[in-house]
1. Evaluate the relative contact order of the stretch 45-120 (contact order divided by residue number), counting alpha-carbon pairs under 8 angstrom at least 6 apart; express in whole percent.
2. When only the heavy atoms of the protein chains count and the probe is 1.4 Å, how do Met177, Met26 rank by accessible area, highest first?
3. Going from most exposed to least, what order do Met87, Met21 have by accessible area with a 1.4 Å probe?
4. R0 = 41 Å: FRET efficiency of Lys167 with Leu142, Cβ-based, nearest 0.05?
5. Ignoring any ligand, DNA or RNA, what whole percent of the accessible area of the chain comes from carbon and sulfur when the probe is 1.4 angstrom?
6. For the chain, how big is the tail of P(r) above 26 Å, as a whole percent of Cα pairs?
7. Among Phe173, Phe25, what's the order by accessible area (1.4 angstrom probe), most exposed first?
8. With every protein chain left in place, what is the accessible area per residue of the chain in square angstrom, probe 1.4 Å?
Amino acid sequence: MRKRIDAAQLRQLLSDNMRIMIGGFMANGAPEGLIDQVLAAGTKNITLISTDTGTPEKGSGRLIHAKRIAKLYASHIGTNPETGAQMNRGELEVELVPQGTLAERIRSAGAGLGGVLSPTGLGTPIAEGKRIIQVEGQDYILEPPLRADLALIRGSVVDTKGNVLYKGTTQNFNPLMATAAKTVVVEAEQIVEAGELLPEHIHTPGIYVDYIYQREQADA
């Protein structure tokens, strides 16, 4: 299977009302070129899963700013005033999830688990409407797995089979999200031939990656 796709092929994967995961932390490691294409395609009413919403000018926050998001799962929104403003106006539904819990909910989806038990949020609005399970005398919230139709991630070096290496803190949520979506597209900063990456340097195996996108100079 040839995994490399261009902008036109990428847009064919997009549709309104999708649930999309977008990697990055404070836009570090965010797939800006893929976000460009979501904006250009006019995709709307998206359910977004992202650790945060960056800023109005960077990362997934650009989709918030363009009012393409209907519902958001995130661990914090304070760095993007537009997110809070839309939430307060009732234009955006927001479910705030503690960051560790968000990571574990995504991981459990990728691992085929039924969720994760967490004490974080007990006695707060986080626990409202959720099942409480007691284990050895301790109460835990049953947090369900988080899956997506599409995961948009970014890799520092990607080989032609889709194996991904992330440099430094750009790794963040990207490898987790690569396991938890029906379709995974990685935006590659650099593409190399299969076999050029040492096995021990691969963070996301290519079996998880459906497509590789590299932003062309004209798109930048």
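1. For the stretch 45-120, the relative contact order is 26 percent.
2. Met26, Met177
3. Largest to smallest exposure gives the sequence Met87, Met21.
4. 0.70
5. Accessible surface attributable to carbon and sulfur in the chain totals 48 percent.
6. 35
7. On the way: Phe173 15, Phe25 80 Å².
In descending accessible area the options line up as Phe25, Phe173.
8. 47
The values are calculated or read from the model by the stated rules, or taken from the named source; none is laboratory data. This is a predicted model, so every value here is computed, not measured. Reconstructed Cβ throughout: ideal geometry from the backbone, glycine too, with neighbour counts over all protein chains shown. These area figures cover heavy atoms from the full protein model, side chains too; ligands, DNA and RNA do not enter into them. Shrake-Rupley method; radii C 1.70, N 1.55, O 1.52, S 1.80 Å.
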